[in-house]
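Novice: One structure coming up, written as structure tokens, with questions to follow.
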Amino acid sequence: MNTRATEIGVGLFVLLGLLALGFLAVQVSNLSSMGNGDGYRVTARFENIGGLKVRSPVTVGGVRVGKVHAINYDMHTFEAVVVMDIQPQYTLFPEDTSASIFTAGLLGEQYISLEPGGAEAILQAGDQIMLTQSALVLEQIIGQFLFGKASESGDL
Amino acid sequence: MTGAIQQLGIDTLNSLARLGRRAQFLLQTLSGIGSLLWRPGLVVAQLESVGVRSLVIIVVSGLFVGMVLGLQGYNTLVDFGAEESLGVVVALSLVRELGPVVAALLFAGRAGSALAAEIGLMKATEQLDGMAMMAVDPVKRVIAPRFLAAFIAMPLLAAVFSAVGVLGGYVVGVEWLGVDGGAYWSQMQGKVDLYEDVYNGVIKSIVFGFAIAWLATFEGYDAQPTAEGVAKATTRTVVQSALVVLMLDFILTALMFGEI
């Protein structure tokens, strides 16, 4: 094996390794969605966020438009404050857009779904979404269902 | 009775001496790496033998590991109607654990054993002594390039393994089993974090590369200069590398992902 072929082989090998690293960074991980991190931030207040986590998706009509940046708890109003990063290409949401916390599938992860309203004014960076719907907590629903059943049978 | 106690003492002293030689050897090798800047050709030749020639086994294994992950992941996830998460399962398993660990085990078997055998044989045939006679430092001329090449090759091979595995999972999951291709990638990109998952996986493979490079070159250099000694050194390299990689993996995982 002459030197030239060896060097070309090694060059190709290193290139392939770096390409694989690049592939992992760009195609496999969230670099592509972090790259355009110059989106805008809006907040929403929820009574109960259920299992929502930082980096949970934010969707509109099922399309992913951003992610949860931070979750805090406001000790004055006793509400959870969720800060969302919306990607810059998705502007022009009406001001009266509402936010709900849904679950993907029965046991899936929780995400925020935005529902555009009809107002003329546009949602700006730093704005707060006023209309929110808390997460459905399975235990509460089951509890209400059982309670309803019990009172139903009590009436009879 | 006295004989047994004496033997215990001999073994203890021997292993302590070995530990000392190991540390001393590492220092010598690391200080020899600097001089390679003027002889990059030495490293390139070694990269060819430990890196390029390990590529086939890494690519083929990565492909099959990824395909098995795709198949098994699909069978489990489809029961919960969550087969769209297949990409997450495949990518996280590969990037965090299987990529670095399996690539390191294969690398130890393919390249580590060859390094130990080659260096051990050079010692057995007195080539290393011959170099020393000619005022050529064998650590700088023989050990350091091999150490550096193994250290460089390992993270690259682990990255290739993970990348090929993700593609193998794609082939099985999307092309054969009918998972939605867009969901495969988008869920993966949503859940796999560049810093938390990909970087930590790369750090793991760098640590494994260092461990294997050190073990393999040391075992070869410290081998008994006989045919049997070389055979033992080769075996020890593979066994110790596998154990060290798995133990280090647990420690690194606990530090990176655990709540300890």
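The values are calculated or read from the model by the stated rules, or taken from the named source; none is laboratory data. In this text, all values refer to a predicted model and were calculated from it rather than measured experimentally. A quick note on method: Cβ atoms are made from the backbone with ideal geometry, for glycine too, and the neighbour counts reach across all protein chains shown. The protein model used for the area step is the full one, side chains on, heavy atoms only, and it has no ligands, DNA or RNA in it. Shrake-Rupley method; radii C 1.70, N 1.55, O 1.52, S 1.80 Å.
Novice: Going through the range B:218-250 one residue at a time, which ones are assigned to a loop (DSSP other than H, G, I, E, B) and surrounded by fewer than 23 Cβ atoms within 10 Å (Cβ to Cβ)? Before the answer, list the steps.
Specialist: Of the range B:218-250, the ones assigned to a loop (DSSP other than H, G, I, E, B) are B:222-226.
Within the range B:218-250, B:ASP222, B:GLN224, B:PRO225, B:THR226 meet the criteria.
Novice: Let me ask something else about it. Quick check: anything in the range B:101-114 open to solvent by 10 Å² or more (accessible area, probe 1.4 Å) and either over 29 Å from B:SER241 (Cα atoms) or in contact with a Phe, Trp or Tyr (Cβ under 6 Å, 6 or more places away or on another chain) (or both)?
Specialist: Within the range B:101-114, the subset open to solvent by 10 Å² or more (accessible area, probe 1.4 Å) is B:101-102, B:105-106, B:109-110, B:113-114.
The next check asks that each one be either over 29 Å from B:SER241 (Cα atoms) or in contact with a Phe, Trp or Tyr (Cβ under 6 Å, 6 or more places away or on another chain) (or both); those that pass are none.
For the range B:101-114, residues open to solvent by 10 Å² or more (accessible area, probe 1.4 Å) and either over 29 Å from B:SER241 (Cα atoms) or in contact with a Phe, Trp or Tyr (Cβ under 6 Å, 6 or more places away or on another chain) (or both): absent.
Novice: State the number of residues belonging to the range B:31-86 that are outside any helix (DSSP H, G or I), at the interface with chain A (Cβ under 9 Å from one of its Cβ atoms) and either in contact (Cβ under 8 Å) with a residue 60 or more places away in the chain or closer than 21 Å to B:ALA111 by Cα (or both). Full working, then the answer.
Specialist: Within the range B:31-86, the subset outside any helix (DSSP H, G or I) is B:39, B:51, B:81-82.
Filter once more, keeping what is at the interface with chain A (Cβ under 9 Å from one of its Cβ atoms): B:51, B:81-82.
Next cut, either in contact (Cβ under 8 Å) with a residue 60 or more places away in the chain or closer than 21 Å to B:ALA111 by Cα (or both) only: B:51.
Final tally of qualifying residues: 1.
Novice: Follow-up. So B:GLY258 fits all but one of (1) part of a helix (DSSP H, G or I); (2) over 23 Å from B:GLU118 (Cβ atoms); (3) open to solvent by 30 Å² or more (accessible area, probe 1.4 Å); what number is the exception?
Specialist: Unmet for B:GLY258, out of (1) part of a helix (DSSP H, G or I); (2) over 23 Å from B:GLU118 (Cβ atoms); (3) open to solvent by 30 Å² or more (accessible area, probe 1.4 Å): (1).
Novice: OK, next. So for the range A:56-69 (the condition being open to solvent by 20 Å² or more (accessible area, probe 1.4 Å), in a loop (DSSP other than H, G, I, E, B) and modelled with pLDDT under 85), does at least one residue qualify? Walk me through it before giving the result.
Specialist: Restricting attention to the range A:56-69, the residues satisfying the condition of being open to solvent by 20 Å² or more (accessible area, probe 1.4 Å) are A:60-64, A:67, A:69.
Restricting the remaining residues to those that are in a loop (DSSP other than H, G, I, E, B) gives A:61-62.
Restricting the remaining residues to those that are modelled with pLDDT under 85 gives A:62.
Yes, the conditions are met somewhere in the range A:56-69.
Novice: Okay, moving on. Would you mention how many residues in the range A:97-149 are open to solvent by less than 100 Å² (accessible area, probe 1.4 Å) and either closer than 22 Å to A:HIS69 by Cβ or in a strand (DSSP E or B) (or both)?
Specialist: The total comes to 28.
Novice: Here's a follow-up. In the list B:LEU94, B:LEU98, B:LEU157, which residue meets the criterion of being farther than 21 Å from B:THR226 by Cβ and open to solvent by 20 Å² or more (accessible area, probe 1.4 Å)?
Specialist: Working: B:LEU94 fails: open to solvent by 20 Å² or more (accessible area, probe 1.4 Å); B:LEU157 fails: open to solvent by 20 Å² or more (accessible area, probe 1.4 Å).
Step by step, each of B:LEU94, B:LEU98, B:LEU157 is checked, and only B:LEU98 is farther than 21 Å from B:THR226 by Cβ and open to solvent by 20 Å² or more (accessible area, probe 1.4 Å).
Novice: Take the range B:126-138 and flag every residue that is open to solvent by 30 Å² or more (accessible area, probe 1.4 Å) and closer than 16 Å to B:ASP222 by Cβ.
Specialist: Listed by number, the residues that qualify are B:GLU126, B:GLN127, B:ASP129, B:ALA132.
Novice: A further question on this structure: Looking at B:ARG146 and the list (1) closer than 24 Å to B:VAL60 by Cα; (2) among the charged types (D, E, K, R); (3) open to solvent by less than 40 Å² (accessible area, probe 1.4 Å), which single condition is not satisfied?
Specialist: (1)
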